[in-house]
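Down below is the structure, laid out as structure tokens.
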Amino acid sequence: MIDATLHAPLASTQPSAYFREEHELLRRQVRRFVDAEIKPFAGAWELQGFVPRETLRAMGRLGFLGIRYPSAYGGSELDTLGSVVLAEELGRSTFSGVAITVLVHTDMASVHIAKAGSIAHKERHLADIVAGRAITALAVTEPDAGSDVKGIRTVARREGDAFVLNGAKLFITNGVHADLYCVAAKTALQARRSQSISMFLLERSTPGLKVSRQLDKHGWRSSDTAELLLEDCRVPAENLLGREGEGFYAIMRNFQNERIVLAAMAMGEAQAALELTLDYVATRKAFAAPLYDREAIRQRLAMLAAKIEAGRQLVYHAAFLDAQGIDCTCQVSMAKAYCGELVNEVMYDCVQFHGGMGLMSESAIERMARDARMQSIGGGATEVMLEEIAKRLRR
Ligand SMILES: Cc1cc2nc3c(=O)[nH]c(=O)nc-3n(C[C@H](O)[C@H](O)[C@H](O)COP(=O)(O)OP(=O)(O)OC[C@H]3O[C@@H](n4cnc5c(N)ncnc54)[C@H](O)[C@@H]3O)c2cc1C
């Protein structure tokens, strides 16, 4: 018979050496919000293809959108582990489209304004970003350049006190509904590729900035994804984020945080899938006994639990090092590669143990398996992460 203690909270809810009281408080608050304000409604958001602005504002009011930002703008000045908590708990929601909508805003796009923006940019936008009144998108990827960021072709030509941007951006999360876009463009076509890119802040109303398509996609269906066109898009020179020619380095620096966050989100997804599947196999009977009574199934789930714990600790460790300001590119790449692959392994087995029900749109695991597919591709595909690790293995 099934052992009832199986359903006791698993590792991510247990005390951890990495987290302080403020992290645990945040975890409890986000988990409550996910249960009350996301899970009951997100099925409808999957169908409409975006998260309602009111939900994002509610998260802003609770402080979830500014956990890393200065208190002067309404933020709570937590560290990388705070982002990990947010990402893990949103990942556990089972609706990764909602998770990515929020995390692109908090940890991937607005970061360019918070870190490289001028005082005027921050004064104008950060309080709104923290409150969820202004939602941000990051536009780097293009039809001909994804993993290879240096290969982008969007050009920003200097004309007097402005830059004129021309190009196209693809797969831009929050791109349909964003208020602010952090856009990568080439400002120096003759320079070394790593010194040719600059970042710009574009407001939604900027003439020449167009959402050319809202993209339909396999997973993350409650997050909006856009193709953008920049046609003679005139941006005041003061909208340069950071120094001209330093955009590539800014993108690479922010990738460290982005990858930690994606890996944490993946481990939240994996944990939720494991818990759902444990519940399912506890009650589903075949051959006169619950599926959990089959050694083949429970041992497989036990191994997945061990791997999820390993992945989680790898993420926590990378986040801890990052929070100390220690260069941890290797650990971050390991976490992203390992967790991005692991979450797909977990989903595969969890669908398997749901049997036919695992393929039905009405079951959460079907959606979760689709959502997880992105984790080994976005924000640094597994192969790219393995190259980062390999470079550092040889001394
Ligand atoms: C739903 C969704 C949301 C996204 N959101 C954003 C966003 O908000 N902003 C943004 O700028 N971008 C976004 N992206 C883009 C995403 O980051 C890219 O898709 C990703 O970086 C991979 O780039 P690519 O699709 O051009 O694949 P490519 O670069 O063409 O690579 C294809 C595949 O080749 C392999 N590969 C690539 N490089 C190597 C290598 N060096 N060695 C070995 N194998 C390799 C990998 O398996 C990779 O998946 C999003 C994408 C999707 C699908």
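The values are calculated or read from the model by the stated rules, or taken from the named source; none is laboratory data. Remember, predicted model here, so these are calculated numbers, not experimental data. A quick note on method: Cβ atoms are made from the backbone with ideal geometry, for glycine too, and the neighbour counts reach across all protein chains shown. Remember, those area values only see protein heavy atoms, side chains included, never the ligands or the DNA or RNA. Shrake-Rupley method; radii C 1.70, N 1.55, O 1.52, S 1.80 Å.
Some points to look at:
- Cα gyration tensor shape for the range 235-375, rounded if a/c is under 1.5, else prolate or oblate: prolate
- Remark: the Cα gyration tensor places the range 117-223 in the oblate category, a/c being 1.5 or greater and a/b not exceeding b/c.
- Dipole of the chain computed with +1 at Lys/Arg Cβ and -1 at Asp/Glu Cβ about the Cα centre; of G379, S196, V183, farthest Cα towards the positive end is S196.
- Ranking by accessible area, most exposed first, for Y249, Y181 with a 1.4 Å probe: Y249, Y181
- Given a 1.4 Å probe and the protein chains as shown, E54 ends up with an accessible area of around 100 Å².
- Net charge of Cβ neighbours under 15 Å - reference L25; Lys, Arg +1; Asp, Glu -1: -2
- Highest mean first, the peptides 196-202, 163-169 sorted by other C-beta atoms within 10 Å per residue fall in the order 196-202, 163-169.
- Residue-normalised accessible area of the range 234-324, expressed per residue, 1.4 Å probe, Å²: 43 Å²
- Cβ crowding within 10 Å averaged over residues, with 93-106, 23-36 ranked highest first: 93-106, 23-36
- Carbon/sulfur fraction of accessible area - the range 92-193, other protein chains in place, 1.4 Å, %: 50 percent
- A 1.4 Å probe run over the range 60-122, with the rest of the protein chains in place, finds 26 Å² accessible per residue.
- For the chain, the longest principal axis of the C-alpha atoms and the axis of helix 21-33 are separated by about 80°.
- Cα shape, the range 1-158, gyration tensor, a/c 1.5 rule: prolate
- The range 17-96-the range 162-199 distance, computed between alpha-carbon centres (Å): 28 Å
- The label-point distance for A306 and S194, in a model that sets each label 7 Å from Cα toward Cβ, rounds to 4.1 nm.
- Its residue count N fixes a reference of 2.2 N^0.38 Å for the chain, and the Cα radius of gyration divided by that reference is 1.00.
- Rounded to 10°, Cα long-axis angle of helix 295-323 versus longest principal axis of the chain: 30 degrees
- The range 289-377, accessible surface, carbon-and-sulfur percent (1.4 angstrom probe): 57 percent
- In the range 147-245, a dipole from Cβ-located charges (positive for Lys and Arg, negative for Asp and Glu) runs towards its positive end, and of L209, S147, A237 it is S147 whose Cα lies farthest in that direction.
- The dipole here belongs to the chain: it is taken about the Cα centre, uses +1 on the Cβ of Lys and Arg and -1 on the Cβ of Asp and Glu, and is about 480 debye.
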